[in-house]
Number of protein chains: 4
Amino acid sequence: MTQKIRTIILGASGYTGAELMRLLTLHPHVEITGLSAERHAGQTVAEVFPHLGIYNLPVMQQIDTLDFARADLVFCALPHGTTQKVIAGLPPHVRVVDLSADFRLRDPKQYAQWYGHEHQALALQRDAVMGITEIYRAQVKSARLVANPGCYPTASSLPLIPLLREKLIEQDGIIIDAKSGISGAGRMPKQNLMFTESANGMSAYSIGNHRHTPEIEQNLADAAGHAVHVTFTPHLIPMSRGIFTTIYARLRGGKTVDQVRAALRATYDAEPFVHILPDGRLPATHHVAGSNHAHIAVVPGAVHGQVILLSVLDNLVKGASGQAVQNMNVMYGFDETLALGQAPLFP
Amino acid sequence: MTQKIRTIILGASGYTGAELMRLLTLHPHVEITGLSAERHAGQTVAEVFPHLGIYNLPVMQQIDTLDFARADLVFCALPHGTTQKVIAGLPPHVRVVDLSADFRLRDPKQYAQWYGHEHQALALQRDAVMGITEIYRAQVKSARLVANPGCYPTASSLPLIPLLREKLIEQDGIIIDAKSGISGAGRMPKQNLMFTESANGMSAYSIGNHRHTPEIEQNLADAAGHAVHVTFTPHLIPMSRGIFTTIYARLRGGKTVDQVRAALRATYDAEPFVHILPDGRLPATHHVAGSNHAHIAVVPGAVHGQVILLSVLDNLVKGASGQAVQNMNVMYGFDETLALGQAPLFP
Amino acid sequence: MTQKIRTIILGASGYTGAELMRLLTLHPHVEITGLSAERHAGQTVAEVFPHLGIYNLPVMQQIDTLDFARADLVFCALPHGTTQKVIAGLPPHVRVVDLSADFRLRDPKQYAQWYGHEHQALALQRDAVMGITEIYRAQVKSARLVANPGCYPTASSLPLIPLLREKLIEQDGIIIDAKSGISGAGRMPKQNLMFTESANGMSAYSIGNHRHTPEIEQNLADAAGHAVHVTFTPHLIPMSRGIFTTIYARLRGGKTVDQVRAALRATYDAEPFVHILPDGRLPATHHVAGSNHAHIAVVPGAVHGQVILLSVLDNLVKGASGQAVQNMNVMYGFDETLALGQAPLFP
Amino acid sequence: MTQKIRTIILGASGYTGAELMRLLTLHPHVEITGLSAERHAGQTVAEVFPHLGIYNLPVMQQIDTLDFARADLVFCALPHGTTQKVIAGLPPHVRVVDLSADFRLRDPKQYAQWYGHEHQALALQRDAVMGITEIYRAQVKSARLVANPGCYPTASSLPLIPLLREKLIEQDGIIIDAKSGISGAGRMPKQNLMFTESANGMSAYSIGNHRHTPEIEQNLADAAGHAVHVTFTPHLIPMSRGIFTTIYARLRGGKTVDQVRAALRATYDAEPFVHILPDGRLPATHHVAGSNHAHIAVVPGAVHGQVILLSVLDNLVKGASGQAVQNMNVMYGFDETLALGQAPLFP
């Protein structure tokens, strides 16, 4: 077999970093040659993530000690905001899949507004490609820098984009009532993420100011051809993994729920990871946990002209590291399902 | 002190039955004189609910062996559908708080449509009073039969009724995205309620056909003065207790979110159990668990003219047995908070 | 009614502080006149513990701004180690129930060995009384300073003390396999306490070096009349509250499991909070959650001469704040169950 | 590549059946040609296990409609007791991995005593091979019928067998304090397995009469060369998957904890699925969930001559279906890790 892709994971001590390692250990064409984790530099993977201790993986290092000259690909799973400078400093031959939010928003003003500071790598941002694989596959293929999308934007955009493209639903008044598992908030200890504070109950958070809102709206605007404004309401659910979105939209005049379902089927029936559920079956996050699959259901609303879309995915896989590997597979012309063949883990 | 209210609980082996016992053991004016549980007849409370085994409570009996002549009050926590005949057969001096759905819908046609059979006690149904205490207190006071409301209807109606009454929001297009803990489905073993099937993930269910829909619409129609149709989407969340509703409504022309908040404050600020959260605080089911309290928050929507209402309560307390005790307190002229003074249990 | 006990809670922003507030709001003879929380000074209870926001409680203050001259009683729920100096500085008229470990170990050498520094208030330590209420009630009654025991020591000592006192079991070879809910580790965010790290799985920790070991051994030595060494193995279980101990002991020659059960019954049958389960019933933490009750079961071991003792309690109630209130009731001659009458919360 | 093994799964609607499907979809040399599920006959896998709906798997059938003549291998995941007759009726060319308990106990008297009826297939039982792969690999290789071990016996036997073989520990007085996730009890709805009854708390069960006890003792007797009697105490933990055993044993005279650790390392260091943790690291079920790995730690006890062994595995994988696949790989001379290469799923 040909030479393996030499791959570095930056931010390997977070959950998306761990997921990249979990998945890539199964990839026949990838070799992990470097891992960065500033606070854990010098530690083994076994110390940071005991579940991955049995694999032969590099020791964690500080970023500036890594040898990028001998790398082909970097997965960047650094915190939002710290990424721009790091990626700007990489040698030009290195391709990048960035799991942070740093290169997702094309409009620098919007970036500055939502993230509170000017973007530090505008030139790179212009070349970045949004990485919802099923939607932007052609651009991903040749991209040097893929901005891997957020979990909420992936879950929301997959059902809505085909419907806006084909003008089946109104672009106004879309409501996304979203529910996330707790791993979406990362591994840094915070009081609200403690077991005692989050188990056995649920809450809403960041209503009206969640940073995934402009990312969703950018994706939908691409599809609609106009600016789209959504109501996005995130909730925190006592589960480790999973995004569940319940989306309320209005059919355009004369359009039907059957047409909606047909459009989604036409878009996704050949896709290996996006599945439109048969009429009558409702999604559950349990059915995709640990896998790169997304399930979408279409249900008529109780009032005339309303359609309800429900989608589920694993925020750490299709919502982050799984889609990152899927994008890598596209970038290198591999079978898109390589390293992503594991079935969901249930129960 | 005067003689205690002699109280019988029918359906004492379910969760709402257990909650009635839990609360009433603290009530100074109530004596539990009988418990029914058909399949558990002959068993002690300690056998059926070990957490209540330390209390001196009657042995479970079959309904037809209970002496209703010596009872003042019956809490009826039987399964939906079986209740009508039982209540119709009670002596006329016995007052009833019915926790089933049997007497909630005033329109017999609607009852037949949603429950699949004709109502068996129409005369009683006409006299039944809806038991959302804060809204129907005057009628509850003198009622013989209180139809204690469902958990979803209580959580949905508390925020919406004042707004519809005062014509602050449009009566069309209301969306109730509702989330329930698993105890809402009762204690009868079913596969989807198993730990292995429901823990660590979430799902939607009964979209478009949940039986609480007409009950909510009846409450809202009372307030609006017209028929109201809502979109009601229930979800199952891996938590033992709790209802969380996220309600999307549109302000009527010229009305503001501040007016909405002020109307809710005016309605509930003197109430012991319904609390409007200060601006900026979002509710969590953890903060009401085990208590009879409901928390409501008001948030402006992302699009012009939209308001988001969020409410939480414990489905087994304010959503069932706690409100039943509150109604009993009203019926007998007791302090409305008797036996309901326990603070929420957190963590 | 007579004047209320003016009570200050130090360390009110932790879980045991919150539990003290939850319970004391129901106490007819107690008034909370001060709350301390260094990092939260200036915040209301509603901000720190939203579930207690509806009560009329003082604002959190720094300790040195509190007026101890006008207080009768202090509950001290400060972190281990910081307590000694604070208590040493209190006016002599103030009685103290200390929930930290600072005054539990009578032997200063042992304290220094397990806590890594010399004890700072040796005079006070000599007068401190161990507060397992059922065992040390007479001393608690007249104590100025009660050292409220830890959750593991309470759960372990309640079943073992009567058996060692009456020489029914060997004092050697006792094994305590203990399991704790996550609130036992406090409210300070740490990675291993995050939902994502602790939900849906379990682990062992601190085997051989948990600081509750000498406390258990001191209690058992009191009962046995000799030094006792135990094997104590703590585990972390994905539940918010609860201690479960599985204790393996050997019967002394000629002694029987029936005698063990009888001795426990004789010790506890008149107690309001400690319950020996009937033969055949095994304990569950669910059955005591939120309450001050402890359940104990006795089971014959599989090998000759072995007896297995199982005990459960809520670590934040009988294992901490509930027992602290129980001790206060004893200290002031109140009915010992005041403010502790709430039934367990199940499910 | 050569012809695939034609494989039938009996009892495909239970959790171990689902796990077999999950794993075997990744096996390059296996084709699933039949699935049985009596109550679900006629249903698709998508209906019974939506998480597996995307795979091209046979429809569920009743056993007597399956064509065993064209099968090479049967995985039998039927309930205990029903299996004997089914396996006895299979054509002789079909090899069998039986996940039930039916063929695990070699002594028919013991079988009758623990299972309450005479064994129905004694001839087969004599040829059955115990399937703890690492211990009985040579026998498994040529077996026609492998009795796949239970989850508790695997978790208990892996650490104990090498120590008994090498006479490092006493064979008397072994205590196995075991903790299981809830999936170990299967998918049939029962009250104690409901989320509401088992989440957020823990309990003990079947002390002294759990059917895995004789199976453990048989394994240990094989290793010790004498009958061994253990104290086995199972607990139910609120986690979907996972077995955690805490084993207390006594070193034989002059033996040390270091020798114990060395013996386990010598036995397992070349094994792909059994890992002896480095000194100082304690196991957690999270670190093996979803995988075929087992972790074992060795800790000195608090009293002289005591050693504590801790082991974790996923009860549905190494404790059931994963080990079944591992045994199949041995039986057919495949690489033993085929279809078992997935890393644990954390968080």
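The values are calculated or read from the model by the stated rules, or taken from the named source; none is laboratory data. Everything numeric here is computed off the predicted structure, so don't read it as measured data. Reconstructed Cβ throughout: ideal geometry from the backbone, glycine too, with neighbour counts over all protein chains shown. Ligands, DNA and RNA are stripped out before the accessible areas are found, and what is left, the full protein with its side chains, is counted by its heavy atoms. Shrake-Rupley method; radii C 1.70, N 1.55, O 1.52, S 1.80 Å.
Identify, please: which residue in region A:301-338 is polar (S, T, N, Q) and crowded, with 23+ Cβ neighbours inside 10 Å and is, among those, farthest from residue B:203 (Cα to Cα)?
A:327
Quick test for you: out of C:228, C:260, pick the one residue that is away from every other protein chain (no Cβ under 12 Å) and open to solvent by less than 10 Å² (accessible area, probe 1.4 Å). Outline the logic, then answer.
Numbers: C:228 fails: away from every other protein chain (no Cβ under 12 Å).
After ruling out the rest, the residue left standing is C:260.
Within region B:98-146, which helices (runs of 4 or more DSSP H) (wholly inside it) include 1 or more residues that are touching a residue at least 60 places away in the same chain (Cβ under 8 Å) and closer than 25 Å to residue B:185 by Cα?
B:108-115, B:133-142
For region B:183-220, what are the residues that are more than 10 Å from chain A (Cβ to nearest Cβ), in contact (Cβ under 8 Å) with a residue 12 or more places away in the chain and within 20 Å of residue A:199 (Cα to Cα)?
Listed by number, the residues that qualify are B:183, B:184, B:185.
Could you give every pair whose Cβ atoms fall below 8 Å, whose first residue belongs to region B:157-172 and is within 15 Å of residue B:257 (Cβ to Cβ) and within 14 Å of chain A (Cβ to nearest Cβ), and whose second residue is surrounded by fewer than 21 Cβ atoms within 10 Å (Cβ to Cβ) and of a type outside the set (Phe, Trp, Tyr), counting only separations of at least 6 or pairs across chains?
Filtered contacts from region B:157-172: B:170/B:250; B:170/B:251; B:170/B:252.
If you take the residues of region A:69-89 that are touching a His at 6+ places or on another chain (Cβ under 9 Å) and in a helix (DSSP H, G or I), which of them is nearest to residue A:326 (Cα to Cα)?
Per the stated criteria, the residue is A:84.
With respect to the numbered conditions (1) without any contact (Cβ under 8 Å) to a residue 12 or more places away in the chain; (2) closer than 26 Å to residue A:344 by Cα, which one is the sole condition not fulfilled by residue A:225?
Result: residue A:225 fails condition (2) only.
Go over the candidates B:233, B:246 one by one and state the one that is at the interface with chain A (Cβ under 7 Å from one of its Cβ atoms), farther than 21 Å from residue B:317 by Cβ and at pLDDT 95 or above.
B:233
Is there a residue in region B:266-273 that is touching a His at 6+ places or on another chain (Cβ under 8 Å) and more than 10 Å from chain A (Cβ to nearest Cβ)? Lay out the reasoning, then the answer.
First pass over region B:266-273, keeping only residues touching a His at 6+ places or on another chain (Cβ under 8 Å): B:268, B:273.
Next, only the ones that are more than 10 Å from chain A (Cβ to nearest Cβ) stay: B:268, B:273.
Among the residues of region B:266-273, at least one is touching a His at 6+ places or on another chain (Cβ under 8 Å) and more than 10 Å from chain A (Cβ to nearest Cβ), which makes the answer yes.
Determine whether region A:314-327 contains at least one residue that is within 11 Å of chain B (Cβ to nearest Cβ) and in contact (Cβ under 8 Å) with a residue 40 or more places away in the chain.
The answer is yes, given that some residue of region A:314-327 is within 11 Å of chain B (Cβ to nearest Cβ) and in contact (Cβ under 8 Å) with a residue 40 or more places away in the chain.
Which of the residues that make up region D:328-347 are within 12 Å of another protein chain (Cβ to nearest Cβ) and among the hydroxyl-bearing types (Ser, Thr, Tyr)? Before you say what the answer is, go through the steps one by one.
Initially, region D:328-347 is screened for residues within 12 Å of another protein chain (Cβ to nearest Cβ), giving D:337, D:339-347.
The one that is within 12 Å of another protein chain (Cβ to nearest Cβ) and among the hydroxyl-bearing types (Ser, Thr, Tyr): D:337.
For residue B:111, state whether it is among the aromatic types (Phe, Trp, Tyr), open to solvent by less than 10 Å² (accessible area, probe 1.4 Å) and closer than 24 Å to residue B:220 by Cα.
Criteria met by residue B:111.
Could you check how many residues of region B:61-76 are charged (D, E, K, R) and crowded, with 16+ Cβ neighbours inside 10 Å?
Result for region B:61-76: 1.
Looking at region A:256-273, I want the residues that are without any contact (Cβ under 8 Å) to a residue 40 or more places away in the chain and have a partner that is β-branched (Val, Ile, Thr) and open to solvent by less than 30 Å² (accessible area, probe 1.4 Å) with Cβ atoms under 6 Å, at least 6 apart or on another chain. Which pairs are those?
A:261/A:298; A:265/A:276
Please verify whether residue B:92 is part of a loop (DSSP other than H, G, I, E, B), open to solvent by 20 Å² or more (accessible area, probe 1.4 Å) and either modelled with pLDDT under 95 or touching a strand residue (DSSP E or B) at 6+ places or on another chain (Cβ under 7 Å) (or both), treating the condition exactly as stated.
Numbers: part of a loop (DSSP other than H, G, I, E, B): yes; open to solvent by 20 Å² or more (accessible area, probe 1.4 Å): yes; either modelled with pLDDT under 95 or touching a strand residue (DSSP E or B) at 6+ places or on another chain (Cβ under 7 Å) (or both): no.
Taking the combined requirement at face value, the residue does not satisfy it.
Read through the list (1) within 30 Å of residue C:310 (Cα to Cα); (2) in contact (Cβ under 8 Å) with a residue 40 or more places away in the chain, then give the number of the only condition that residue C:73 fails.
For residue C:73, the failing item is (1).
Which numbered condition trips up residue D:280, out of (1) modelled with pLDDT of 95 or more; (2) over 30 Å from residue D:11 (Cβ atoms); (3) of a type in the set (Gly, Ala, Ser); (4) surrounded by fewer than 21 Cβ atoms within 10 Å (Cβ to Cβ)?
(1)
Please state which one of D:139, D:120, D:125 is more than 16 Å from residue D:215 (Cα to Cα), surrounded by fewer than 24 Cβ atoms within 10 Å (Cβ to Cβ), touching a helix residue (DSSP H, G or I) at 6+ places or on another chain (Cβ under 8 Å) and more than 14 Å from every other protein chain (Cβ to nearest Cβ).
The conditions single out D:120.
Under 6 Å between Cβ atoms, which residue pairs at least 6 apart in sequence (or on different chains) link something in region B:1-29 that is surrounded by fewer than 20 Cβ atoms within 10 Å (Cβ to Cβ) with a partner that is polar (S, T, N, Q)?
Once the first residue is surrounded by fewer than 20 Cβ atoms within 10 Å (Cβ to Cβ) and sits in region B:1-29, its partners that are polar (S, T, N, Q) give B:6/B:33.
Would you call residue B:79 open to solvent by 30 Å² or more (accessible area, probe 1.4 Å), in contact (Cβ under 8 Å) with a residue 40 or more places away in the chain and within 21 Å of the chain's Cα centre (by Cα)?
Judged against the criteria, residue B:79 is a match.
For region B:42-53, give me each residue that is assigned to a loop (DSSP other than H, G, I, E, B) and in contact with a helix residue (DSSP H, G or I) (Cβ under 8 Å, 6 or more places away or on another chain).
B:49, B:53
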